[in-house]
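Here the structure comes first, spelled out in structure tokens, and everything after it is commentary.
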Amino acid sequence: MYPFTILAVSDLASEAGVEIVMNSFAEFYHDLTPKHQKQIKLIFIDKGGYTIPVLHWSEKLNIKPIVQVLNWKRMEKVEEAYHQANFLLMPAQTKTTNGIMQALSKGLPVLSYRGAEREGLIDLTCGMLIDYMSTGQSIGDFASLLRMLYFDPAACKILKKGALKKYTTLLQWQQTSEKVAQVSAAS
């Protein structure tokens, strides 16, 4: 057993995404024995307007004691949360590139939906993707991923190393592309 912390960020999840995060996490948590439950935590970074829904869901789902809500302006706490977390749970289908890059830059693997924008950034070395079919299916699939990863600490370590490596590779590729574009523009 080891501490297992999931991070979610409000600007990477719509209101429906908040519901999926909270229900997936609760399903995963409640499937564990009390001994394992003591190791589990959810940190939710709110960038505006989701604190009350998160607290409502955490109370309704009986997970309030293990849910921590942080205001995104408390940068030192946010930075600490990124380093403390094992995974970023991101049930979003659009506008995810910046959030993924931020997580990868901190060695944080990403759990999200399959889609063109994410498939170019996330592979099995740095995270896991699921297909979106419905809210209920998403909740079950994310809960299953969390359960599988919690009970496989070796996979978690590999994914954390892979996240940082993926970020470095993407950054190098981006810098090379920008240099090629500058040379082409100068010619």
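Worth a mention:
- Residue within region 55-71 that is closer than 23 Å to residue 163 by Cα and of a type in the set (Val, Ile, Thr) present: no
- Cβ pairs under 7 Å, 6+ apart, first in region 97-115 and over 15 Å from residue 170 (Cα atoms), second among the basic types (Lys, Arg) and surrounded by fewer than 24 Cβ atoms within 10 Å (Cβ to Cβ): 112/118
- Of the residues making up region 79-104, those that are surrounded by fewer than 18 Cβ atoms within 10 Å (Cβ to Cβ) and in a helix (DSSP H, G or I) are 79, 80, 83, 84, 97, 98, 101, 102.
- Complete set of residues in region 86-131 that are farther than 29 Å from residue 39 by Cα and of a type in the set (A, V, I, L, M): 116, 121
- Sole residue being within 30 Å of residue 172 (Cα to Cα) and of a type outside the set (Ser, Thr, Tyr), chosen from 52, 130, 139, 43: 130
- Restricting region 62-78 to residues that are in a loop (DSSP other than H, G, I, E, B) and either in contact (Cβ under 8 Å) with a residue 40 or more places away in the chain or touching a strand residue (DSSP E or B) at 6+ places or on another chain (Cβ under 6 Å) (or both), the residue that is nearest to residue 126 (Cα to Cα) is 72.
- Residue count for region 47-64, restricted to those that are at pLDDT below 90 and not β-branched (Val, Ile, Thr): 5.
- Single residue of region 24-37 satisfying the filter (in contact with a Leu (Cβ under 9 Å, 6 or more places away or on another chain) and surrounded by fewer than 21 Cβ atoms within 10 Å (Cβ to Cβ)) that is farthest from residue 96 (Cα to Cα): 30
- Residue in region 51-61 that is out of contact with any strand residue (DSSP E or B) (no Cβ under 6 Å at 6 or more places or on another chain), assigned to a helix (DSSP H, G or I) and buried (at least 18 other Cβ atoms within 10 Å of the Cβ) present: yes
- Qualifying residue in region 18-37 (condition: in contact with a strand residue (DSSP E or B) (Cβ under 6 Å, 6 or more places away or on another chain), part of a helix (DSSP H, G or I) and in contact (Cβ under 8 Å) with a residue 60 or more places away in the chain): yes
- Looking across region 1-23 at every residue that is within 20 Å of residue 147 (Cβ to Cβ) and surrounded by fewer than 19 Cβ atoms within 10 Å (Cβ to Cβ), the one that is farthest from the chain's Cα centre (by Cα) is identified as 1.
- Answer residue from region 131-154, given it is small (Gly, Ala, Ser) and assigned to a helix (DSSP H, G or I) and is nearest to residue 91 (Cα to Cα) among those: 138
The values are calculated or read from the model by the stated rules, or taken from the named source; none is laboratory data. As the structure is a prediction and not an experimental result, all values here were calculated from the model. Every residue, glycine as well, gets a Cβ built from its backbone with ideal geometry; the counts of neighbours run over all protein chains shown.
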